[in-house]
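Here is the structure we will look at.
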Amino acid sequence: MANQFHNQSLQVRARLANLFRKLSWGKFRIYRLLKRCLLLVFAISFSTVLLLDNYKSAIAQFPAPFPPAPATIIQPDITESDIIESDIIESDLIEPKILQPRQLPRQEIRGVWMTGNDFNVLKTESGVKDAVKQLRRVNFNTIYPVVWNSGYTKFPSVTAKRAGIPFFFRGSNGQDILANLIKQAHRQGLLVIPWFEFGFMTPETSELAVNHPQWLTQKRDGSRTSNGAAGEVAWLNPFHPQVQQFIQNLVLEVVSQYDVDGIQFDDHMSLPRDFGYDKYTVALYRQETGNRPPSNAADARWVKWRADKITGFMVQLNKAVKARKSYAIFSVSPNYYNHAYKLQLQDWLHWVRLSIVDELVMQVYRNNLGSFIQKINLPEIIETKKYIPTGIGIMAGLRNRPVSMQQIQSQVRAVQQQDLGVTFFYYESLWNYAQESVKSRQSGFKNLFPRFARRSRI
């Protein structure tokens, strides 16, 4: 019996060997490939067991992460998927994408900011309807209404309410001002991109600052305010995860609850470089670098570390917005780059190169035409306009400082010659706060924009 099995075994082996010889591939035979595959699978399995064992040991020795400052996390009544993780992104690990020049037809930005100074226009349904119709008659195509200013929202917000922020900005008949503006604008073919004007900035006396003092950052001398066009203001700490979550929750409420075409952040989605010496940021910097922050606020490494943290948050914010509404235009309206980065820690050109910015409107408020032209020809603008719709913010006037139609026309012509769009600050000053008559001003804008330039969502 043993001999019989032995003979049968020899026959089977001979047949298999003959079969393998017939199925040979190149200079390698199949049985060699099978043998090598089996050895490779064994090696991978063995290595994986060793790595997992070492990984468990390493985790046990790894220091605990820096704990966030104690505070109640604000969450709106949307869905849990809208609430961000509070991890701070390391933007040093974020590599710029290889950008491609725009393939779509050029979309010319012809916009106007609607500020808190325009509330008398916005508070009535008839006022909104008339304003939008007039903008359409002179061939504007985009409205940027303010929704976050002076520590208050211009829309009913659960996030703001939970942070102890009251709401005052309903229309004269109790209507939702933002919803009404969107409805009227879309009827006329205009886009509406709500504008988070104050970004991380808030008055020190605001409910937000008073109720959440641990969310504020400070200068090296302990002071917590700066002075600018908005007066004396405090700054929310953009490196604090709970501040990031608060801002993102506000943004997600707008994007989720309204038929908006995008969202815009301006030069205040930043931090003056003198700030960042609060306890939380100092501890975070020491944990990541092993050093205390330099006493010189302009130190290049200290500037970059803070700018990179803000960039990380903007990447995170863009991802959250796109997850909620993929076609939403992620718009940024900063100062020119050298000022924005060095003085405000706002590395917006890096944001463009990371492909998280869908349109850019750079603010250039200059009376001198030569200075104005120099700014709109800066390298960062020449680069950016190759990839995304790019415009220039122009001052149309203030209540106590009107701007002539002649100056506006000369600046718009200069912008148009550079294949750029334009956005005006702000609605009421287009034709109401001016030396010329309303009719003359409106006629002047119609001459600048003789035909309508339709814009579309992404």
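Just give me the residues in the range 393-445 being β-branched (Val, Ile, Thr) and out of contact with any Phe, Trp or Tyr (no Cβ under 7 Å at 6 or more places or on another chain), in sequence order. Hits for the range 393-445 are Val403, Ile408, Val412, Val415, Val422. Put simply, of Phe168, Phe140 the only residue that is modelled with pLDDT under 95 and either out of contact with any Cys (no Cβ under 9 Å at 6 or more places or on another chain) or surrounded by fewer than 20 Cβ atoms within 10 Å (Cβ to Cβ) (or both) is Phe168. Just one of the listed residues (Ser295, Ser226, Ser256, Ser206) is under 29 Å from Ser326 (Cβ atoms) and among the hydroxyl-bearing types (Ser, Thr, Tyr), namely Ser256.
Condition check ((1) out of contact with any strand residue (DSSP E or B) (no Cβ under 8 Å at 6 or more places or on another chain); (2) at negative phi; (3) β-branched (Val, Ile, Thr)) across all residues:
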{"site": "Leu345", "(1), (2), (3)": "yes, no, no"}
{"site": "Arg399", "(1), (2), (3)": "yes, yes, no"}
{"site": "Val415", "(1), (2), (3)": "no, yes, yes"}
{"site": "Thr423", "(1), (2), (3)": "no, yes, yes"}
{"site": "Ala434", "(1), (2), (3)": "no, yes, no"}
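Within the range 195-207, does at least one residue satisfy the condition of being under 23 Å from the mean Cα position of the chain (by Cα) and charged (D, E, K, R)?
Taking the range 195-207 first, the residues under 23 Å from the mean Cα position of the chain (by Cα) are 195-203.
From what is left, the residues that are charged (D, E, K, R) are 197.
Yes - at least one qualifying residue is present in the range 195-207.
Just one of Leu190, Leu216 is over 24 Å from Thr423 (Cα atoms) and either buried (at least 17 other Cβ atoms within 10 Å of the Cβ) or at pLDDT below 95 (or both); which is it?
Going through Leu190, Leu216 in turn, the sole match is Leu216.
Being buried (at least 21 other Cβ atoms within 10 Å of the Cβ), of a type outside the set (A, V, I, L, M) and at pLDDT 95 or above, is that true of even one residue in the range 284-298? Yes, the range 284-298 has at least one match. In the set (1) out of contact with any helix residue (DSSP H, G or I) (no Cβ under 6 Å at 6 or more places or on another chain); (2) outside any helix (DSSP H, G or I), Val422 fails one condition alone, (1). Candidates in the range 254-276 are the residues that are touching a helix residue (DSSP H, G or I) at 6+ places or on another chain (Cβ under 7 Å) and farther than 25 Å from Thr423 by Cα; of these, the one that is surrounded by the fewest Cβ atoms within 10 Å (Cβ to Cβ) is Ser256. Among the conditions (1) under 22 Å from Trp113 (Cβ atoms); (2) assigned to a loop (DSSP other than H, G, I, E, B); (3) of a type in the set (S, T, N, Q), Ser355 misses just one, which is (1). Whenever a residue of the range 345-359 is more than 22 Å from Trp235 (Cβ to Cβ) and among the hydroxyl-bearing types (Ser, Thr, Tyr), its partners that are modelled with pLDDT under 95 and not in a helix (DSSP H, G or I), lying with C-beta atoms within less than 9 angstrom and at least six residues away or across chains, give the pairs Ser355/Pro96; Ser355/Lys97; Ser355/Leu99. Quick check on my filter: what residues within the range 426-458 are within 17 Å of Leu190 (Cα to Cα) and in contact with a Gly (Cβ under 7 Å, 6 or more places away or on another chain)? Result: Arg454, single match. The set of residues in the range 171-187 being assigned to a loop (DSSP other than H, G, I, E, B) and loosely packed, with under 14 Cβ neighbours inside 10 Å consists of Ser172, Asn173, Gly174.
Can you tell me which residue within the range 381-420, out of those that are small (Gly, Ala, Ser) and more than 12 Å from Ser333 (Cβ to Cβ), is nearest to the chain's Cα centre (by Cα)?
Residue satisfying both the conditions and the ranking: Ala396.
Only one entry of Ala209, Ala160 meets the criterion of being assigned to a helix (DSSP H, G or I), of a type in the set (A, V, I, L, M, F, W, C) and touching a residue at least 60 places away in the same chain (Cβ under 8 Å), and that entry is Ala160. If you go through the range 141-157 and pick out every residue that is in contact with a Lys or Arg (Cβ under 7 Å, 6 or more places away or on another chain) and among the β-branched types (Val, Ile, Thr), you end up with 3.
In the range 379-392, the condition of being under 26 Å from Val303 (Cβ atoms), among the small types (Gly, Ala, Ser) and assigned by TED's automatic domain parsing to the domain that holds Trp305 is met by no residue.
Would it be correct to say that Ile373 is surrounded by fewer than 23 Cβ atoms within 10 Å (Cβ to Cβ), in a loop (DSSP other than H, G, I, E, B), in the same structural domain as Pro272 (by TED's automatic domain parsing) and touching a residue at least 12 places away in the same chain (Cβ under 8 Å)? For Ile373, the condition - surrounded by fewer than 23 Cβ atoms within 10 Å (Cβ to Cβ), in a loop (DSSP other than H, G, I, E, B), in the same structural domain as Pro272 (by TED's automatic domain parsing) and touching a residue at least 12 places away in the same chain (Cβ under 8 Å) - is not met.
The values are calculated or read from the model by the stated rules, or taken from the named source; none is laboratory data. This structure is a prediction, so every number in the text was calculated from the model and none was measured. Every residue, glycine as well, gets a Cβ built from its backbone with ideal geometry; the counts of neighbours run over all protein chains shown.
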